[in-house]
Structure formats: C-alpha cells, structure tokens
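Notes to accompany the following structure.
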Amino acid sequence: MRMTRREYMRNMALASASAAAASLVPGVLFAEEIEIFNQASVKWDKAPCRFCGVGCGLLIGVREGKAVAVKGDPESTVNHGLCCVKGYHSVMSIYGSDRLKHAYVRKNGKLEQVSVEEALDLVADKMKQTIAEHGKDSVSMYGSGQWTIPDGFVASKFMKGCIGTNNLEANARLCMASAVTGFMTSFGLDEPMGCYDDIEHSNVFVMWGNNMSEMHPVLFSRILNVRQRNPQAKIIDLSTRDTRTSKAADYHFLFTPQSDLAIANGICYEIVKNDWVNHEFVKKHTNFHSGKTQIGYGLEDKFAFTDKPEPMSFEQYKAFLEDYTPEKVEKISGVKADDIRFLAQVFADPKNKVSSFWCMGMNQHTRGTWINNLVYNIHLLLGKISTPGNNPFSLTGQPSACGTVREVGTLTHKLPHGEVSDPKAREMAAKIWNVPVERIDPKPSLHTVEMFRALDRGDLRFMWIQVTNPMVTMPKLNRYREATLKQDRFIVVSDIYQTPTTDIADVILPSAMWIEREGMYGNSERRTQHFNKMIDPPGEAISDTWQIIQVAKRLGFDKEFAYSDENHIEEIWAEYCQFHNSPKHAMAPYEVLKARPGVRWPFWNGKETRWRYNSADDPAAKKEGFDFYGKPEGRAWIWARPYEPPPENPDQDYPFWLNTGRVIEHWHSGSMTRRIPVLHQAVPEAYVEINPIDAKRMNIQNGELIEVTSRRGTIQIKTVINGRGRPPKGQVFIPFFDESYLINELTLDAFCPISKQPDYKKCAVKIIKIS
Amino acid sequence: MPICSYLVTPTPGSMEQLSLKFHTIPECEVVPSTNKNLLLLLTETESDDHEKELQTTLKGIPEIECLALSFASNEELPK
Ligand code: SF4
C-alpha cells in the first residue's frame, strides 16, 4: 500500500523527534524501534546535505520510491552522525505541494504549460536567434554554488567551449569571490590549506564576522565539544552584532562595520612591535607586497580595476603598520586598544594553536580581498599556517560553492583549470573538450553585477538562470528586476519551485532536485561528495546537467555532448578529472567517490590531503617544511593593505547601518526551507532586529511594524528587540530568506574592486515608526 | 490537521506513569526511552481548535517536566 501524505508527515514527525533526541541525549535508546528507521523496506544511501557548505554526510532512507527519513552519517568525518535542524528535515524540501513538475512558456504575458521538449526547443531557438542578431556575447548563463559539479562542468563547456562566450557566472560571486581572490593574491591557488580536522587540534578559535553557531552549526558544535573537553580552549568572536555565536564565545569584541581591516593590521602591528614574528618562517616562506589604494567601489557601470603589486621589504611593511597602533585602531573600530593587544598576544602565544574562521562577514565586503589577505598576514607572520590546528579557514555558504564554482570554474574569468587569459589553460580546455582553441575567448567578460547591468543596458539579451533566485538575492534589486522585464530580454529559469525569479521568466524548466539525480558537491574543506539518484523526480522534471546537454545538442554540439543517458555523470566526471591530473589538485576516481562519504583533494597515490603546502602531507609540496607552490619561489605573499572606509556611511538622513544575513532555520532565499513545515513555523517571516536603546528612544515596541528605507528602496517590516541577535546602537539587521520582504531592494551594489563581490553587510538606512 | 512531535522529560520517577497517561489520550502516541528519562510523543488532531484542546490537556499533566516541540505541521505553508 502506498504511503499517504499524512503517513509521511507522521513518519517525519517521529523521525524528527528521534533525531533530535539522538543529538541532544547521545546514546539514547527507545523501547520500540522507531518504525521508519528500522523497517527492512527502507533502503539507506549516503548523500551530502543539500544545504550549507559544511557538507555534512547524511543517510537518506527511501521507501516505495519516496525519501522518508534522514540521519547523520556516522562514517562522515565532517559531522560524525550529527546534523542541524535543516539537515534533519532536508528531504521534506523535496515534497512541497507546489513542486514544479512541468515546463512553462510565457505567451501573451501569461505562463502556459508546455512539454519540456517544446520548452527546450524554444530555449535553443531563442539562443540561436539572439546570437545571430546580437552576437555570441549577448547570451549568458547564471548558475550557482548549488549546482552539482557535473552541472557546472557542462555549463562551462557549453558556454566557453562551444558558444565561445565568457558570459558564465554563478551566485558564488555574491558569496565566495573575495575568498577566491584572497587565496589567489596571497597563495596563488584557491581554497583552504587546512581542513575541519584542524578543529580538534586547535585551542583558540577566532570568528571573524562569522555567526558560526547559526550558519555552520555542526562545525560550531565540534568547537563547543573541544572546549568542553579542554577548559583552556577559547572562542573569540569579532563581530558587528551580538549573535548566538557571541553568546557562546569566551570573548566578544564588537567593531564598527568595515574596521576589521584596521583590527587585523593592528594585530600585525603588535606582533611586529613585540618581535613575536616567526622570522625563520617569514624569511624562508614569504615575501611582502603592496598594491593600489583608493581603489573605488564599483558603483558605476563598466567599472574596471587592475591591481599593481609592488614588492616591498619587511622594514617598509613595518613602517606601513605604524598607522595601526592599538590606539589608532581603537579610534577606527571602537575595539579598545588593550583588546587589540590581547588579541595579538593570543594569536602569538606559542602555546596556542589558532584557527581563524570567516564567511560572509569578510567576503561580502567592499574590501573583501584585502581583509582576506590581512587575516592570512597574521597567520603567515607567526608561521601558524598549514599545520594541524594552526590555520586560517575560509568557510563557504553553499554546498558546492567550492566544488562547482571554484573548482570547475563557472565564473567569467575561469576554466576548469586556470583562467581564460592563459593560453596554456585554453589549450588544455580545447584539447579535453575537443573544441577549436580559437573558440575559447581569452578575455573575461561580465561578472555577476555587471551581467545584470548589461541586461539593463541591452548589451545582454538572453539569460539562463539555474538553481538560484537572483530576484531575491541581487543587491539594489529594483534596478535588476526592471532590467529583466525590459522588452527584448529573454529569461530562462530552471528551478524546483515557483520563486520571484520564475515570476520574471519567459521559460520555466522544472529541475530534478538533489537525490532525484546523480551528482557531486564539493564542500569548504576540499571534500568532494558523490550521491546516487535515489528517487525519481516529479512529472517531467530533469536534471540541470541534462537540460544543458539537451540545449547544447539542439544548437549542433552533438559531438561535444555525446554522453550516454545512463552513465553521463560518470563520463562527465572522467572528463573533468583530466583537468586536475597532478599532485596539486588530483580528484578521486569515480569508484572511490561512490564508496566513501567524501574525499579531500589533492587525492594522490590513493591518499587524500589534509594540510596543503605542508611537505609532510601535501604530495605537491617539494621544499623542506612548507612550499607555497602557487606563487613564484614557493613563497606566500604578505600584503600591506590599508583600512579604507565603506562607500556609504550612516549620516543625518540615513542614520542607521543595515546589515543582512541568514538564520539557522532557513536556507538562502527560503524557497526550500519555507516549504518545510517545522522550519517555516519556527521562523515564519523576516523581521528587523533593532537595538533596545534605539527602540526606546524612538518609542518602538517589539513586534511593531516599522518602515526601513535606504536611498534605493523601502520596506515595512516587524521589529524584534532582544531576539536571537542584537545589533549595536545605530544598526539594524534583516534576514533575507523571506521573499515577502525583499531586503535587497534596499542594499547597495557596491563591490570589492578585485573580487567583484558585493557588500551586503553595510549600507545606510533610516527607520520610521509607522503609527 | 496538525501533526506534532515532542521530546518529553518526565518529572523524576514518573516515567511509567506518564507513559500510561499518554496511552489513555487518543490523540497521543508515545515511545519511551529504555535507558534515559525521555519520551517521544507524537500527536495528531483534526483541527486547530482540537489542537488547542489537546495543548490544554498536555499543560495540565503534572508528570511532564519539560515538553520540547520537535516537529509541527498543519500543512499551512507559504505557497
Ligand atoms: S550544518 Fe549545513 S550541511 Fe550540516 S546538516 Fe546543517 S545545513 Fe546541512
């Protein structure tokens, strides 16, 4: 007998309580077996979690073709069987009652259901027609860090190798680009040197603007475990707002938005002044550079910037740091001079093993590349890097921001190996893809913000959006929504639910989600995780990979996309692995990925790598001790990067900072988690956090509707005073998961000139009491 | 049609008594732990009013030390 929706809900309710009990009371046993976990008819298979970049290993229980239960995979060293509330309820996001099962095409302004074949024909025809009328650079594709690795790979091959345009971007530009440029400028290669194993080796955890307890909860629970076992272990929270992480921290320092640049330099000043520098390490493994200053904010269309690194001496670097004495830093940041001295001492103490963690706070920053560089400086000056327990660690937000966007390279300037501007990288891609090398354009084209600006200007006419919801997540949203609605713009959206982005689509393609198809994700610690197809997608939904292949074939690229229906993921993986066939980045073979709950690259001679650049662990590191082989002479770069203010500060007219972000219950724009009853009911709508002193001064009550306005837009939203987070005086915080409150109509599209990643963490607003 | 699940901590020494009490409430299904002072409770009601009545009943049970909601669904979703 087939399970009814009500039976399914009952099972999920019991499974949810049982999973919660297991995580709260380890070792708990129940008199009756929880039916769903023990039925012989339930088949279990491994998959990485669908949601965040932590990449927890899950076991998914499938019965009668339906995913009916989730438990943490005890074999996964990411989470050792634990999950957060999103992970435990993840399979419910598959079964929202309004899943997109069919394709739709806009006819006379109205979306009408058509067959998927007809919709794919139209997408291909429209692409062909647009290219014929406006050239190859008038079409674009915009994907996501939730793309599987095969999705991103075929997208890159299609756009760069076949169409011959670099108009390929992904939403990871909005969350991870500064991490990439930070790594590239400091080390010459992307992605962390350390891994999650560092947590159990560290005794000091410094959170740089990272509310880890909500955003990376399973990793945070690992840190709390360490502290429970080791009373000497300390958590230090540096943030612009009081969060759950601040409450759990041993030390919490609130700083003025953007002033993390000054704080990091202040710590380096103290390290140098007190001669705590690890001179041997610095001499052997680093050198010093400065770059351009006063570099702008990218607010104008077609903004361009190229940095100019200049070598400098240690003495010159020391002179640069004179601007960052603790007293000067206190003036900029609001963090007391003694606290800056304390932070430097904690970092430098030889007894301490220090892990720095960050995510959006440092990356969504108009000087995002710089602040990444500056945190690396601290670790490099002390030689506390690339060793167990001593590492700077840039966390990711999405399940495959690393695996797909950064490793496959679904950004305008990238190829699966190297950059489009590098002739050798183009030759390699052309050979593996079997396309003429001249077809790969050597010039990067449009980064994400500029892509939407180009759509507005009319330089772009066609955009295919997959697995992302830019009509909720683009900054300065009003401009870019209007751009998509202009005459002669054609927008294709592949998704699993209706969203504000499908609302502006000319064609909607129904996508197979996560375990409804086979795929791989790559998490924050260089771990590639394979998952099988476990259930059938609903209706006519097909995977994003297969959608791209089908359109490519319709455009005449049969030869390039001659993958088989049954084995195309395995075939794509084998092709992709050819790009990384060296000890620096070798990927695990397909069979190994299938057998294990993830493998960290480089995977060389049957062994995964935990600490890159450390000659004891990294097969590519050849020098004694450490080898930062991404840079000439194997030396990492220490950068002199100054503090520069943000483009928009609170003033008389707009006296508050606006900060935006997430809550633990909801994933990104909420299109999946708001369809999971328990998560939706936990946080049913967005709200504005306001400091109690500001609220009292303005006579605003908890739960009252107020108006929040920036120079770009306005929303009305209910207040929360003393909720889970508390902004300091003069700041408000609004989460972005709720499409009913489009907070990005207020945010500014300023970006880091090097990474082109927008800053969602600071702009100026005013608030008005309505009644 | 609300469906909820809870983790229930009984007051010390009342585990068995509480289990028996839940068995007498038709909307409740209970799974006791064999090694910890903890029960899983699953409730199913027909309507919001019915759910409110059950909540009142649960609140009146003196053997419950702590009732922590784990899951709730009445199929009222944003879309
Ligand atoms: S921490 Fe992230 S990856 Fe792990 S279960 Fe939660 S959402 Fe999923």
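The values are calculated or read from the model by the stated rules, or taken from the named source; none is laboratory data. Keep in mind that this is a model prediction, so the values were computed, not measured. Cβ: placed from backbone, ideal geometry, glycine included. Neighbour counts: every protein chain shown.
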Check every one of the strands (runs of 3 or more DSSP E) wholly within chain B and list those with 3 or more residues that are farther than 23 Å from residue A:7 by Cα. B:64-73
Look at residue A:609 and say whether it is more than 14 Å from chain B (Cβ to nearest Cβ), under 30 Å from residue A:758 (Cβ atoms), away from the ligand (no atom under 16 Å from the Cβ) and under 24 Å from the mean Cα position of the chain (by Cα). no
Looking at segment A:55-65, can you tell me whether even one residue there is near the ligand (Cβ under 7 Å from one of its atoms), more than 14 Å from chain B (Cβ to nearest Cβ), in a loop (DSSP other than H, G, I, E, B) and in contact with a Ser or Thr (Cβ under 8 Å, 6 or more places away or on another chain)? yes
Conditions first: (1) within 16 Å of the ligand (Cβ to nearest atom); (2) assigned to a loop (DSSP other than H, G, I, E, B). Residue A:231 passes all but one, so which condition is the exception? (1)
Among the candidates A:81, A:109, which residue alone is surrounded by fewer than 16 Cβ atoms within 10 Å (Cβ to Cβ), at positive phi, more than 10 Å from the ligand (Cβ to nearest atom) and not aromatic (Phe, Trp, Tyr)? A:109
Just checking, which of A:644, A:624 is modelled with pLDDT under 95, charged (D, E, K, R) and in a loop (DSSP other than H, G, I, E, B)? A:624
List the number of the failed condition for residue A:104; all other conditions in (1) within 12 Å of the ligand (Cβ to nearest atom); (2) among the aromatic types (Phe, Trp, Tyr); (3) more than 14 Å from chain B (Cβ to nearest Cβ) hold. (1)
Complete set of residues in segment A:25-54 that are at pLDDT 70 or above and within 14 Å of chain B (Cβ to nearest Cβ): A:25, A:27, A:28, A:29, A:30
Residue B:4 meets each of (1) at pLDDT 90 or above; (2) within 12 Å of the chain's Cα centre (by Cα); (3) within 12 Å of chain A (Cβ to nearest Cβ) with one exception, condition (1)
Given A:90, A:97, A:76, which one is within 14 Å of chain B (Cβ to nearest Cβ), within 16 Å of the ligand (Cβ to nearest atom) and either surrounded by fewer than 18 Cβ atoms within 10 Å (Cβ to Cβ) or among the hydroxyl-bearing types (Ser, Thr, Tyr) (or both)? A:90
